[in-house]
1. Which whole-angstrom value gives the distance between the alpha carbon centres of the range 15-83 and the range 139-200?
2. Among L186, L75, L107, whose mean-square fluctuation peaks in a Gaussian network model of the chain (Cα, cutoff 10 Å)?
3. If amide hydrogens are placed 1.01 Å from N in the peptide plane, which non-local residues have theirs closer than 5 Å to the one on T53?
4. Return the sequence-ordered ³J(HN,Hα) values of the range 64-81 in whole Hz as given by the Karplus equation 6.51 cos²θ - 1.76 cosθ + 1.60 applied to θ = phi - 60°, using x for Gly and Pro.
5. By counting other Cβ atoms within 10 Å of each Cβ, how are E65, E200, E126, E173 ranked from fewest to most?
6. Run the dipole for the chain about the Cα centre, Lys and Arg Cβ at +1, Asp and Glu Cβ at -1, nothing else charged, and hand back the magnitude in debye, nearest 20.
7. Search the structure for amide H atoms under 5 Å from the amide H of S9, placed 1.01 Å from N in the peptide plane, and list their residues when 5 or more places away or on another chain.
8. Calculate for the chain the 222 nm mean residue ellipticity that helices alone would give, adding -39,500 (n - 2.57) per DSSP H run of length 4 or more and normalising by residue count, nearest 500 deg cm²/dmol.
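Derivation of every value follows stated rules applied to the coordinates shown; laboratory data play no part. In this text the structure is predicted, and so the values were computed from the model without any measurement. No Cβ is skipped: glycine too gets one built from the backbone with ideal geometry, and neighbour counts run over all protein chains shown.
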Amino acid sequence: MFRIAVLVSGNGTNLAAIIDAIKKGYLNVEISVVIADRDCYALKRAKDNNIKTYLVDRKSSNFDEKILDILPKNLDLIVCAGFLSILGEKIINKFKNKIINIHPALLPSFGGKGMYGAKVHKKVIEYGSKISGCTVHFIDENIDGGPIIFQYAVPVFEDDDENSLSERISIFEHQLIVETIRLISLNKIKINGRKVKILE
Ligand code: GRF
């Protein structure tokens, strides 16, 4: 069984999409654990689905070691789904090319330190961008800088605010994160340096 850990910090809509895809039989994976870095609604979503949960406060000392202690040894993939803390080298090196993240913009634009959630959409609108979207990428030592797996573009409308843009993008976030997990679980994603190849 392909085992994943899901790291969360917020509402958990991406976690919910993964859970729904498993229930529908579209994803043949097991969520071994959900780890949050703060109390958040995503933890309730996990508990309601009888998934083991942990809360490792983002301010706690040896944050990375605590997460590493919790992560199952036979883990195949770590999914950062609305996770706001930055993972340290220990985790990144131990799970090289086995950690993915979903970002609510078309990286490398509107990414990097401090760029998350509504702040991203506000910047996109302020800048006057005509398209935005979402990116699924591998996590490496550069914040939001790891090799890109999938991107999906959506239009930015003149009357958009951060909420309407976020809603439009999140539909595709949920599709992309599920599809990425599915392809990785089927060993259909190959990475060579920064180049990510999807095998049919
Ligand atoms: C989403 O915008 C996601 O792209 C970002 O965190 C936000 C909340 O995600 N990484 P979720 O609803 O907690 O899954």
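1. 19
2. In this elastic network of the chain, the residue with the biggest mean-square fluctuation among L186, L75, L107 is L186.
3. V34
4. 5, 4, 4, 5, 4, 5, 7, 4, x, 5, 9, 7, 9, 7, 10, 10, 8, 10
5. Details: E65 14, E200 4, E126 9, E173 23.
Ordered by Cβ neighbours within 10 Å, fewest first: E200, E126, E65, E173.
6. 680
7. Those lying under 5 Å, H to H, from S9 are F83, L84.
8. Calculated mean residue ellipticity at 222 nm is -10000 deg cm²/dmol.
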